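**Q** Dropping the structure in here first, questions after.
The values are calculated or read from the model by the stated rules, or taken from the named source; none is laboratory data. Quick caveat: nothing in here was measured; it's all calculated off a predicted structure. Reconstructed Cβ throughout: ideal geometry from the backbone, glycine too, with neighbour counts over all protein chains shown. SASA here: full protein model, heavy atoms, side chains in, ligands and nucleic acids out. Shrake-Rupley method; radii C 1.70, N 1.55, O 1.52, S 1.80 Å.
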Amino acid sequence: MTTAKVPPVRLARAVERFRYVLDRLHQRSAPPSAVMLEKILGAWIAQGITVAADLKVADALADGPLSIDDLARRVGANPDALARLMRALIGEGVFAQRRDGRYALNALGATLRTDGPMSVAGMARMVGHPSHREHWSQLLDAIRTGEATMPKLRGMPGFEYLVANPELGEIFNHAMTNLSEAAVVPLTAAYDFTPFGTVVDVGGGHGRFLSAILEATPSARGVLYDLPQVVEGAPELLRRHGVADRVEIAGGSFFDSVPAGGDAYVAKNVIHDWPDDQALTILRNVRAAADPGAVLLLAEFVIPDHHRAFIGNWTDMEMLMATAARERTEAEYRKLYEEAGFQLTRVVPTVAPISLIEGRAV
Ligand SMILES: C[S@@+](CC[C@H](N)C(=O)[O-])C[C@H]1O[C@@H](n2cnc3c(N)ncnc32)[C@H](O)[C@@H]1O
């Protein structure tokens, strides 16, 4: 098991419930229209955060506090306009201002450092990118029709559009890396991978999840499987995490086949990208590759049965617009597993919103 420090899952959920109660108290303490306006104006706040990430304000402040003139010079902004943006962000708890007037990083501001630990700068840059905003402007059509809107808007499927627009593709990949970094420690802390000799990561991207599993399981070997043009970029990451000599890289499409021989098949944030029929094709290909008894572990946002805020309810909208796909409940995963020849054995929660859905090939 990994030695990474994460709080116990029960504590994390208790904090989540407490925050929910506080949030509801806050909502009742103000007129409903004021509470609603706060939510609506969240779009402006988010765009301000995106601009701070685009300008790399947090990187500029990483070596210490700066006056507005120095900060504006470093990031290439108009001093008066930047001071007004900083005032607005500080009001939201993002960045701080010293008594001497200089601006400084605080905990929230530091999350916008490009390569800082647990950076979310990539997500800030992706969500506020004009192209992504345009994509979300199609939500009305998606809700009216139940259809994917991104192919209509772009004239091609989402993954192809990213390949055709490398600058956007890079922003997207950076955002996905942010999400992966935030998820891999909770995932490897929540599950014991040591029983597995070979772990196959299906749709594993550059292998961040697989490398975390192998770091936590020094005796295991891995197979990284993704599209050929994607796995091309994997060796550098695998070397950086010291697991390259234990990973076999395989390029191909999971709609055709999946590498055989895994004791465990993992797929993180893959099945949610696809509607049921294509999700089933992928899972059936995994089943065809797996021996009976092999373990399937999907890492996904499982839609909970409570009504508290849950990030997966929003990534569900993103999936609908991108590919007419969806986030699923445990019951929906159980059905998919059964139809693909797996038995869902349990859902393992983590301190993060992501869970591991464990099943066995029958
Ligand atoms: C949302 S990303 C998740 C990546 C990785 N598992 C992670 O969590 O960071 C979905 C992955 O599926 C891969 N993918 C898409 N279509 C594929 C296909 N036909 N065959 C194999 N992989 C595919 C993409 O290249 C991408 O790496």
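**Q** Please go through segment 314-330 and give me each residue that is within 26 Å of PHE342 (Cα to Cα), under 15 Å from the mean Cα position of the chain (by Cα) and part of a helix (DSSP H, G or I), ordered by number.
**A** If we filter segment 314-330 for residues that are within 26 Å of PHE342 (Cα to Cα), which is where we start, we get 315-316, 319-320, 323-330.
With under 15 Å from the mean Cα position of the chain (by Cα) added as a condition, the list becomes 315-316, 319, 326-327.
Passing the criteria: THR315, ASP316, MET319.
**Q** Sticking with this one: Determine whether segment 141-158 contains at least one residue that is open to solvent by 30 Å² or more (accessible area, probe 1.4 Å) and on the phi > 0 side of the Ramachandran plot.
**A** First, the residues of segment 141-158 that are open to solvent by 30 Å² or more (accessible area, probe 1.4 Å): 141, 143-147, 151-157.
Then drop every residue that is not on the phi > 0 side of the Ramachandran plot, which leaves 146, 155.
Yes, some residue in segment 141-158 is open to solvent by 30 Å² or more (accessible area, probe 1.4 Å) and on the phi > 0 side of the Ramachandran plot.
**Q** May I pose another question? When both residues are 6+ apart or on different chains and their Cβ atoms are under 6 Å apart, which pairs have a first residue that lies in segment 229-251 and is of a type in the set (D, E, K, R), and a second that is open to solvent by 20 Å² or more (accessible area, probe 1.4 Å)?
**A** Pairs that qualify, where the first residue is of a type in the set (D, E, K, R) and the partner is open to solvent by 20 Å² or more (accessible area, probe 1.4 Å), are ARG246/ARG221.
**Q** Can you pull out every residue in segment 107-130 that is open to solvent by 50 Å² or more (accessible area, probe 1.4 Å) and in a loop (DSSP other than H, G, I, E, B)?
**A** ARG113, ASP115, PRO117, MET118, VAL120
**Q** Which numbered condition in (1) over 19 Å from GLN47 (Cα atoms); (2) assigned by TED's automatic domain parsing to the domain that holds PRO353 is the only one that ASN178 fails?
**A** With respect to (1) over 19 Å from GLN47 (Cα atoms); (2) assigned by TED's automatic domain parsing to the domain that holds PRO353, ASN178 is out only on (1).
**Q** So is VAL184 open to solvent by less than 40 Å² (accessible area, probe 1.4 Å), without any contact (Cβ under 8 Å) to a residue 40 or more places away in the chain and near the ligand (Cβ under 9 Å from one of its atoms) or not? Show your work before the answer.
**A** Numbers: open to solvent by less than 40 Å² (accessible area, probe 1.4 Å): yes; without any contact (Cβ under 8 Å) to a residue 40 or more places away in the chain: yes; near the ligand (Cβ under 9 Å from one of its atoms): yes.
In short, yes.
**Q** Could you say whether any residue in segment 90-104 is assigned to a loop (DSSP other than H, G, I, E, B), touching a strand residue (DSSP E or B) at 6+ places or on another chain (Cβ under 8 Å) and open to solvent by 40 Å² or more (accessible area, probe 1.4 Å)?
**A** Within segment 90-104, the subset assigned to a loop (DSSP other than H, G, I, E, B) is 92-95, 98-102.
Applying the additional criterion that residues be touching a strand residue (DSSP E or B) at 6+ places or on another chain (Cβ under 8 Å) yields 95, 98, 102.
Imposing the further condition that a residue be open to solvent by 40 Å² or more (accessible area, probe 1.4 Å) reduces the set to 98, 102.
Yes.
**Q** Restrict the check to segment 311-328 and report whether at least one residue is touching a helix residue (DSSP H, G or I) at 6+ places or on another chain (Cβ under 7 Å), crowded, with 18+ Cβ neighbours inside 10 Å and modelled with pLDDT under 95.
**A** Taking every residue of segment 311-328 in turn, at least one turns out to be touching a helix residue (DSSP H, G or I) at 6+ places or on another chain (Cβ under 7 Å), crowded, with 18+ Cβ neighbours inside 10 Å and modelled with pLDDT under 95.
**Q** Now a separate question. Can you tell me which residues in segment 281-292 are of a type in the set (A, V, I, L, M) and more than 14 Å from the ligand (Cβ to nearest atom)?
**A** ALA288, ALA290
Matching residues to (1) farther than 18 Å from TRP44 by Cβ; (2) hydroxyl-bearing (Ser, Thr, Tyr):
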position: ARG74; (1), (2): yes, no
position: ALA83; (1), (2): no, no
position: GLY91; (1), (2): no, no
position: ASP115; (1), (2): yes, no
position: SER119; (1), (2): yes, yes
position: MET126; (1), (2): no, no
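**Q** Filter segment 180-197 for residues that are assigned to a helix (DSSP H, G or I) and modelled with pLDDT of 90 or more and give the result. Before you say what the answer is, go through the steps one by one.
**A** The initial filter retains those residues of segment 180-197 that are assigned to a helix (DSSP H, G or I), namely 180-190.
Of everything in segment 180-197, those that are assigned to a helix (DSSP H, G or I) and modelled with pLDDT of 90 or more turn out to be ALA183, VAL184, VAL185, PRO186, LEU187, THR188, ALA189, ALA190.
**Q** Listed residues LEU162, LEU179; which is within 14 Å of the ligand (Cβ to nearest atom), of a type in the set (A, V, I, L, M, F, W, C), in contact with a Gly (Cβ under 9 Å, 6 or more places away or on another chain) and open to solvent by less than 50 Å² (accessible area, probe 1.4 Å)?
**A** LEU162
**Q** A further question follows. Within segment 278-309, restricting attention to residues that are of a type in the set (S, T, N, Q) and open to solvent by 40 Å² or more (accessible area, probe 1.4 Å), which residue is nearest to ARG24 (Cα to Cα)? Before the answer, list the steps.
**A** If we filter segment 278-309 for residues that are of a type in the set (S, T, N, Q), which is where we start, we get 278, 281, 285.
Pick out the ones that are also open to solvent by 40 Å² or more (accessible area, probe 1.4 Å) and you get 278, 281.
Details: GLN278: 39, THR281: 42 Å.
Of everything passing the filter in segment 278-309, GLN278 is nearest to ARG24 (Cα to Cα).
**Q** Note down all Cβ pairs under 6 Å where the first residue falls in segment 10-28 and is within 14 Å of ALA352 (Cα to Cα), the second is open to solvent by less than 80 Å² (accessible area, probe 1.4 Å) and part of a helix (DSSP H, G or I), and they're at least six residues apart or on different chains.
**A** From segment 10-28, no pairs qualify.
**Q** Spot the failing condition for LEU162; the list is (1) modelled with pLDDT of 95 or more; (2) of a type in the set (A, V, I, L, M); (3) not assigned by TED's automatic domain parsing to the domain that holds ASN269, and only one is missed.
**A** (1)
**Q** Determine whether segment 325-340 contains at least one residue that is in contact with a Leu (Cβ under 8 Å, 6 or more places away or on another chain), among the acidic types (Asp, Glu) and farther than 30 Å from ARG144 by Cα.
**A** At the first step, the residues of segment 325-340 found to be in contact with a Leu (Cβ under 8 Å, 6 or more places away or on another chain) are 326, 328, 330, 333-334, 336-340.
Subset that is among the acidic types (Asp, Glu): 330, 338-339.
Checking which are farther than 30 Å from ARG144 by Cα leaves us with 338.
Within segment 325-340, one or more residues are in contact with a Leu (Cβ under 8 Å, 6 or more places away or on another chain), among the acidic types (Asp, Glu) and farther than 30 Å from ARG144 by Cα.
**Q** Among the residues of segment 330-347, is there at least one that is open to solvent by 30 Å² or more (accessible area, probe 1.4 Å), within 27 Å of THR194 (Cβ to Cβ), touching a helix residue (DSSP H, G or I) at 6+ places or on another chain (Cβ under 8 Å) and assigned by TED's automatic domain parsing to the domain that holds ALA182? Show your work before the answer.
**A** Taking segment 330-347 and keeping what is open to solvent by 30 Å² or more (accessible area, probe 1.4 Å), we get 330-332, 334-335, 338-339, 343, 345-347.
Within this subset, residues satisfying the condition of being within 27 Å of THR194 (Cβ to Cβ) are 330, 334, 343, 345-347.
Now narrow it down to the ones that are touching a helix residue (DSSP H, G or I) at 6+ places or on another chain (Cβ under 8 Å): 343, 347.
Still in the list and also assigned by TED's automatic domain parsing to the domain that holds ALA182: 343, 347.
There is at least one residue in segment 330-347 that is open to solvent by 30 Å² or more (accessible area, probe 1.4 Å), within 27 Å of THR194 (Cβ to Cβ), touching a helix residue (DSSP H, G or I) at 6+ places or on another chain (Cβ under 8 Å) and assigned by TED's automatic domain parsing to the domain that holds ALA182.
**Q** When you go through ALA12, ALA46, ALA77 one by one, which is the residue that is part of a helix (DSSP H, G or I) and touching a helix residue (DSSP H, G or I) at 6+ places or on another chain (Cβ under 7 Å)?
**A** That would be ALA46, the only listed residue that is part of a helix (DSSP H, G or I) and touching a helix residue (DSSP H, G or I) at 6+ places or on another chain (Cβ under 7 Å).
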